[in-house]
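Scroll down for the structure; my scribbles are underneath it.
Each value in this text was obtained by applying a stated rule to the coordinates, not by laboratory testing. All figures in this text were calculated on a predicted structure; none of them were measured in a lab. As a convention, Cβ positions derive from the backbone with ideal geometry for all residues, glycine included, and neighbour counts pool all protein chains shown.
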Amino acid sequence: MRADSNWGEPPSLTRRVEHFLSGAAPRQSRPNHQRNPDVIDLRRNDYISLSGHPSIIDAQIAELKGGGDNIYMSAAFLSESTMQRAVERKTAAFLGTEDAVLCQSGWCANVGLMHAITDQHTHVYLDQFVHAGMWDGARSTGSSIHPFRHNNPQHLEDLIKEHGVGVIVVSSIYPGNGLVCPLADVADIAVRHGCELAVDESHTIGVHGRHGEGLVSALGLSEKVSYRNFSLSKAMVTRAGMVAGPARIIDFFRYESRPAIFSSAVLQYEIAGLAAALNVIQEEDWRRERLRANTLSLRAQLANSDFDVLPDGSQIIPILAGVDGDAAEFCAALARNNLLSTVINTPDGSVTNSFVRLSVNSSLSAEDIEGIVDICARTRTQRQSADARQRA
Ligand SMILES: Cc1ncc(COP(=O)(O)O)c(C=O)c1O
């Protein structure tokens, strides 16, 4: 390699890399003490604490020991009698949809859904905060994209009136800020204007609904929602994704979405784990009850301690950064005090509008929650004192 290792690199790439390496671009801190029992980890999306669940692990091990009949090629070649098809049908029955298709990740589910259902003649109405996979999928088909203001049904309806019928895309909970989508209003707009509605349920599957069916089912909106897509690597602790909807479109997806055709199928032991996880989430309702109680308690205690948590009830709690608005610094300071969180950067990349995210889970005890609030308050005081010293 030549000494000037960026020889031949396009100037725009050099600029972007230099900007990143300079530290000007916000990025996650990566504290190195994940397995320390004194550390409370609120970065994970394992909301109902299923990771390590014995029946999921046992199912995965049994499949691995049995040799795991993997196909190592695209799932488009799978026959109807496979474990994958059985799990897809089981998920569809659970959600009350005609069918479902397993994808390699939530990303693939989102990109693939947009590949399957949009083309250059489609108007796509995206909430500005929907997952990047939806944006990339819709862009790649040449559809006309009309972003609407976050959680703003009125703006959505105005755009539909201006441009015409199309596909509306929202997320039932937005992981960036923890806000819940006004789904009933969006669904009414979809019906009123004859639009299709796709809902990303990545952060609500396993978490909302009587047995974890997600927010669409919980709100009784199944008939108004065309597609539900989700990552299975949140509450479902499996490395995969799904799209659920009408049988003919799901079948079309298997052969027309590019991730489904040009990437290999999910491995069998992961599918066995998913089948077990589907049973557990339906059988262990107490996990959702604990999660709800923990969420209410942490939100209330943080608000009582004067933390600026955005109003709303989801298990994803954003804390606006405090002292000088720099979430990355606050996050790093929390980690030094043994609380792991994530930094969420606003799409404009600004530091001042970014915040720290705490993802609640069902296994936190009352003492843990008090400890979390205490760490947040202590960290804020430490930063205020450091700031005051700097100014003096
Ligand atoms: C709302 C949402 N959709 C989709 C995804 C992608 O899921 P996965 O990590 O399984 O690719 C994520 C996770 O990043 C997400 O938060």
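Enumerate the lysines that Lys161 could reach by cross-link, defined here as Cα to Cα under 24 Å, with residues fewer than 8 away along the same chain left out.
Partners within reach: Lys224.
Restricting to segment 54-283, what percent of DSSP beta bridges are antiparallel, rounded to 5?
Once the DSSP bridges in segment 54-283 are tallied, antiparallel ones form about 40 percent.
Write down the percent of antiparallel bridges among all DSSP beta bridges whose residues are both part of the chain, to the nearest 5.
Details: 20 of 39 bridges.
Counting DSSP beta bridges with both partners in the chain, the antiparallel share is about 50 percent.
Could you state the principal axis extents of the C-alpha atoms in the chain, from the largest down, to the nearest angstrom?
70, 57, 49
If amide H atoms are built 1.01 Å from N in the plane of the peptide, which residues on other chains or at least 5 residues away come under 5 Å of the amide H of Thr122?
Ser144
Using Cβ-Cβ distances only, list the Cys residues of the chain with no partner cysteine under 4.7 Å, sorted by number.
That list is Cys181, Cys195, Cys331, Cys376.
Checking the cross-link filter: which lysines have an alpha carbon closer than 30 Å to that of Lys65, excluding same-chain neighbours under 8 positions apart?
Lys65 reaches Lys90, Lys234.
If we count other beta carbons within 10 Å of each Cβ, what is the order of Leu302, Leu113, Leu334, fewest first?
Working: Leu302 20, Leu113 30, Leu334 26.
Ranked by crowding around the Cβ, least crowded first: Leu302, Leu334, Leu113.
Fewest to most neighbouring Cβ within 10 Å: what's the order for His19, His211?
Going from sparsest to densest Cβ surroundings: His19, His211.
What ranking do Val243, Val17 get, fewest neighbouring Cβ atoms within 10 angstrom at the top?
In order of increasing Cβ crowding within 10 Å: Val17, Val243.
What order, most packed first, do the peptides 169-178, 43-52, 154-163 have when packing is the mean number of other Cβ atoms within 10 Å of each residue?
In decreasing order of mean packing, 169-178, 43-52, 154-163 become 169-178, 43-52, 154-163.
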